[in-house]
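The values are calculated or read from the model by the stated rules, or taken from the named source; none is laboratory data. Computed from a predicted structure; not experimentally measured. As a convention, Cβ positions derive from the backbone with ideal geometry for all residues, glycine included, and neighbour counts pool all protein chains shown. These area figures cover heavy atoms from the full protein model, side chains too; ligands, DNA and RNA do not enter into them. Shrake-Rupley method; radii C 1.70, N 1.55, O 1.52, S 1.80 Å.
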Amino acid sequence: MTSEAIVDLTAFGKNVRHLRSVVAPAEFMVVLKADAYGHGLVPMARAAVEAGAQRIGVLDVDSALAVREAGVGTDTMVMAWQYGPSQDFSAAVAAQVDLGVSQQHELRAIADAAGSATASVHLKIDTGLNRNGAAPQDWPALVSLARSLRDAGRIRITGVWSHIAEASEDEDTESMRRFERAIEVAGELGVAFEVRHLAASSAGLRRSDIRYDMVRMGGHCWGIPSFDGVTPSQIGIIPVMTLTSEVTSTFTERGERMAVLALGHAQGIPAKAAGRVSVAIAGRRAPVRHVGTDFMLVAVDETVCAGDIATLFGTGAGGEQTVREWGDLTDTLGDEIVTRIARGVPRRYVGSASGE
Ligand SMILES: *Cc1c(COP(=O)(O)O)cnc(C)c1O
């Protein structure tokens, strides 16, 4: 294979078990949105269950159904929260997918779709990020509608949740305050929640006071630190994806020897990698000189020849940079680097998430 993304299920399993133990007694949700951040939704959903995860989050209903179809049973919570304007919820309710809800019309559509089944919902309050949660002024009406649908036996109110910026301690603390106020308001209206969840990778790892009953983590499960100044090993996680590519040819240009790799921005390599990141070939760094549409050029010495394997990013064990370093050097997030690797680049799964 000329290029491949090797996905280390053993590393993923270790990450999940480690993070789960760090956030305990809070529950741990593995977030598999965006095709499991480019790692592959179905294999990673199965791996998450093998690693002992009992809660999986995805963005949309289709992904949630794909997770159920992949064999993830109803003893595992699968939650979706992003919908089209005329979303049909019947398949989701039938498959016992937990549904995040920000608006009254969603709640009505879910209750209508439920038929004889009871839909499990998580009411979402906006705590400052302004990304689809109910605004504080709309919250009492949303809660009241949920209460009447609950009393009519048409929904079960499982959770209350929000998504936070995780950008600064003060902002996060302010979000917590708004979250707790929303829970109080709901309590005054006669609604209590089984599962309160607010934090994602960054705040979930840094702050025990923000974990409530559950933490939702994407980035850290992939071994990509989501806050500054730490390496993966310093926070006990291992990069899961290693991207490799075979040297297809070499040539010399203006006195510099170049190796050609068959990966370019069409395959998700950021153009900004040129002049900023290095790949590793046989343990030595080879700086990226140019990123074309479907190739890239790296500067090498005379020992490198066609057929050698270049590692673009990985754990660092072979001298390569990590995804987190790629993100820092190209002005983006590591999450975005792995998510963007084109689906045309084959994923090869190695190891076992169960840790056996
Ligand atoms: C993406 C997402 C997460 C996970 O975020 P990370 O920073 O990758 O851990 C958690 N919750 C919601 C609602 C998300 O959209």
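Of all residues in the stretch 330-341, those that are closer than 17 Å to residue 44 by Cα have Cβ atoms under 7 Å from Cβ atoms of residues that are open to solvent by less than 40 Å² (accessible area, probe 1.4 Å) and within 11 Å of the ligand (Cβ to nearest atom), 6 or more apart or on another chain, in 335/37; 335/218; 335/219; 335/224; 338/37; 338/222; 339/37.
Elements of the type strands (runs of 3 or more DSSP E) sitting completely within the stretch 1-77 and holding at least 1 residues that are touching a Cys at 6+ places or on another chain (Cβ under 9 Å) and either over 30 Å from residue 247 (Cα atoms) or in contact (Cβ under 8 Å) with a residue 40 or more places away in the chain (or both): these cover 27-31. Residue count for the stretch 17-36 satisfying the condition of being touching a helix residue (DSSP H, G or I) at 6+ places or on another chain (Cβ under 6 Å) and buried (at least 23 other Cβ atoms within 10 Å of the Cβ): 5. Which residue, of 10, 2, 74, is touching an Asp or Glu at 6+ places or on another chain (Cβ under 6 Å) and open to solvent by 30 Å² or more (accessible area, probe 1.4 Å)? Testing whether each residue is touching an Asp or Glu at 6+ places or on another chain (Cβ under 6 Å) and open to solvent by 30 Å² or more (accessible area, probe 1.4 Å) leaves just 2. Take residue 185 and tell me if it is part of a helix (DSSP H, G or I), open to solvent by less than 40 Å² (accessible area, probe 1.4 Å), touching a helix residue (DSSP H, G or I) at 6+ places or on another chain (Cβ under 9 Å) and of a type in the set (A, V, I, L, M). So residue 185 passes the test.
Could you tell me how many of the residues in the stretch 239-273 are of a type outside the set (Val, Ile, Thr) and surrounded by 15 or more Cβ atoms within 10 Å (Cβ to Cβ)? Break it down stepwise before answering.
Initial filter on the stretch 239-273 (of a type outside the set (Val, Ile, Thr)): 239, 241, 243, 245-246, 249, 251, 253-259, 261-268, 270-273.
Add one more test, that the residue is surrounded by 15 or more Cβ atoms within 10 Å (Cβ to Cβ), and what stays is 239, 241, 243, 245-246, 257-259, 261-265, 267-268, 270, 272-273.
Selection size over the stretch 239-273: 18.
Taking residue 39 as the residue in question, decide whether it is open to solvent by 30 Å² or more (accessible area, probe 1.4 Å) and within 16 Å of the ligand (Cβ to nearest atom). When the stated conditions are applied, residue 39 does not pass them.
Quick check on this structure: which one of 204, 236, 219 is in contact with a Lys or Arg (Cβ under 9 Å, 6 or more places away or on another chain), within 16 Å of the ligand (Cβ to nearest atom) and open to solvent by less than 10 Å² (accessible area, probe 1.4 Å)?
Numbers: 236 fails: open to solvent by less than 10 Å² (accessible area, probe 1.4 Å); 219 fails: in contact with a Lys or Arg (Cβ under 9 Å, 6 or more places away or on another chain).
Checking each option against the conditions leaves just 204.
To keep it simple, each residue is scored yes or no on (1) away from the ligand (no atom under 16 Å from the Cβ); (2) open to solvent by less than 10 Å² (accessible area, probe 1.4 Å); (3) farther than 30 Å from residue 353 by Cβ.
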residue	(1), (2), (3)
53	no, yes, no
64	no, yes, no
84	yes, no, yes
88	yes, no, yes
100	no, yes, no
108	yes, no, yes
132	no, no, yes
148	yes, no, yes
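For residue 141, the requirement of being without any contact (Cβ under 8 Å) to a residue 60 or more places away in the chain, within 30 Å of residue 116 (Cα to Cα) and small (Gly, Ala, Ser) is met. Scanning the stretch 338-356 for residues that are within 17 Å of the chain's Cα centre (by Cα) and either farther than 12 Å from residue 39 by Cβ or open to solvent by 60 Å² or more (accessible area, probe 1.4 Å) (or both) yields 340, 342, 343.
Among the numbered conditions (1) free of Cβ contacts under 8 Å to residues at least 24 places away in the same chain; (2) touching a Lys or Arg at 6+ places or on another chain (Cβ under 8 Å); (3) within 16 Å of the ligand (Cβ to nearest atom), the only one that residue 183 does not meet is (3).
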